Structures are given as structure tokens and as C-alpha cells.
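All remarks here apply to the structure that follows.
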Amino acid sequence: MRTDTEAPAATTTPGPSRFAGTLLDILDRVEYSRVRMDVTDNPIYRLRYEAYRREESVPFNDAGVVVDDLDTAPNGMCFGVHIDGELVSSLRMHHISARHPIGPSMKSFPDVLQPLVDRGERFIDPSRFTSDYEASLAYPALPFLTLRLAVMATVHYEATMCLSLVRPEHTAFYRRVFQSEPMSDVRTYPGLAFPVTLYGARVEETRHHSIFTRYPFFMSTETERRQLFDRPFDDKFETPQRTSSRLAYERALLETAFGTHAAPAVTA
């Protein structure tokens, strides 16, 4: 343990980029809530519908919601992203494994994924990433704030890979940010009017570390991950949880400054 007189050395560690610093500031105002998908009148369903209707990728319906059979799958979970208390985006995820080989990517690409599942690989399969229109204009970095949930889930469940079932024109983002690699050709997905392709970001220590170094706002504490992914399904399930990006980042800086092993996904 170093003395207090050595503590200022931490300030010599390079700070985040302007972009990363801005995201850390916004994340101080962000909360995530894991929502109950068995409730029909769910704002997440309406947010989906409004987002898809703007692009005319789903047909009109009187209920004004978009739901499917995967919403209540045993390995599924869905989250709302709130900024200053307002719902701005949502993300659904499935933890695909041999026990529960269920997920949207398995619908279009079973021939690609099933052999990998059979040999014991596990995947986080994000889908239904939708956002409020006004929020997407006010916060251009909203995809980073939302997909941080997928990064945390990949760490929490010790997944082999995080999948990306995306439109071909969006693949550049996943290649650049997550170093994702193509896994398939272009195919259709049931119920959607646009084509999709499958990309995957394999979880390797060097690759994961480089992502956290470049995008420190993806960091999280074990406490935050447990609160989001391990909480019991009770009447407090939708209680918003504050993010821990800044705390995890500051701990990583201290570990680096004091010569200890830097672990981006630090334990709280």
C-alpha cells in the first residue's frame, strides 16, 4: 500500500478522450431498468412500435405495440435506458447456451450458431434496440449508452461472444467499436421488412481490454451487473439502477497508477 504522498501520481495518467469524457458525463445522468415483459401495457413495446413505424418496417396495428414470442423466453431480458428520468431507448437480450438455445439470431442463423452451441459456446444476443426519436437527435451517442448493457451482460455471463444481428449498412459501427467479425451472409428475419446479417465480437482478453481502453464508459462494477442481471423477479424489478462507469473507470486509473493489475470490469 502506497502512502498518501504518492497518491497525486494518479493524476499523471492520461484522461479519457473528449468523446469518452462526454459519455461518462452523460452516464452520470443515466439509469437502467430491467422491465417485465409479461405486462401487455409496457412502454418498451410502444417505444419499439413507434421506432419501427417511423421506418415502416412493421405494419400498423391498433394496439400500437410490437411484441413477439421471444419477449417471454426463459433466457430473455429487456431493459429501458433513462436519462434524467425519461425513457430514451430500450434493448432486449438473450443469453444463448446449450440449456436455452433460444434467441433472435437462432431464428435466422441456426446453421451458423447451433454447432457452436453444441460445443459449449455461449452468446449474448442483443435485439430490439429502439430509441425515442427526439432523444436520438439530442443524444447522438445513444447507441453507446444503450449497447453498454450488452457489454455488461457479456462480462456477467462470461459469454464466448456478443452477437450483432444488424442491417448490412450498420455493420461498420460494430466492426469499429466492438471489433465484430462477419459470421454469415445476408438473410431475412421474420416480421421485419429489412435484411439482416450476423456479426460476432469474440471475447478475448486482449481485444476486450482494448475496447475498454478506447471506450472507458463501457466499464462497470460487479455490483451494477449483479443488480441488473441477478435481481429476483419481484415488484421492485423495474426500479432504475444508476450506472457505475465513472466509478469503474476511476478505479482502473488508480490500479494503473499504483502498478496493480488493471481490470476494466472492476469488482465493487
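Of note:
- Once all protein chains are placed together, residue 166 keeps about 10 Å² accessible to a 1.4 angstrom probe.
- Counting only protein heavy atoms and a 1.4 Å probe, the chain has 49 square angstrom of accessible area per residue.
- Here is the list for the stretch 69-157: trypsin sites (Lys or Arg not before Pro) lying in DSSP coil, each with at most 14 other C-beta atoms within 10 angstrom of its C-beta, are 99, 119.
- A Cβ-based charge dipole, computed about the Cα centre of the chain with Lys and Arg at +1 and Asp and Glu at -1, lands at about 460 debye.
- Among the protein heavy atoms of the stretch 27-105, carbon and sulfur supply 50% of the accessible surface, probe 1.4 Å, non-protein parts ignored.
- Amide H within-cut-off set for residue 35, under 5 Å, with H built and near neighbours excluded: 78, 79, 80
- Cα shape, the stretch 24-176, gyration tensor, a/c 1.5 rule: prolate
- ³J(HN,Hα), Karplus 6.51/-1.76/1.60, whole Hz, each residue of the stretch 26-41, x for Gly, Pro: 5, 5, 5, 9, 9, 10, 10, 10, 8, 9, 7, 8, 8, 9, 5, 7
- Within the set [x] 16.2; [y] 15.2; [z] 14.2, the number that mean projected area of the Cα convex hull in nm² takes when calculated for this structure is listed as [y].
- Each helix, a run of at least 4 DSSP H residues, gives -39500 (n - 2.57); summed and divided by the residues of the chain, these come to -10500 deg cm²/dmol at 222 nm.
The values are calculated or read from the model by the stated rules, or taken from the named source; none is laboratory data. Keep in mind that what you see is a predicted model, and the values were worked out from it rather than measured. Every residue, glycine as well, gets a Cβ built from its backbone with ideal geometry; the counts of neighbours run over all protein chains shown. Side chains are part of the model used for accessible areas, which takes the heavy atoms of the whole protein and leaves out ligands, DNA and RNA. Shrake-Rupley method; radii C 1.70, N 1.55, O 1.52, S 1.80 Å.
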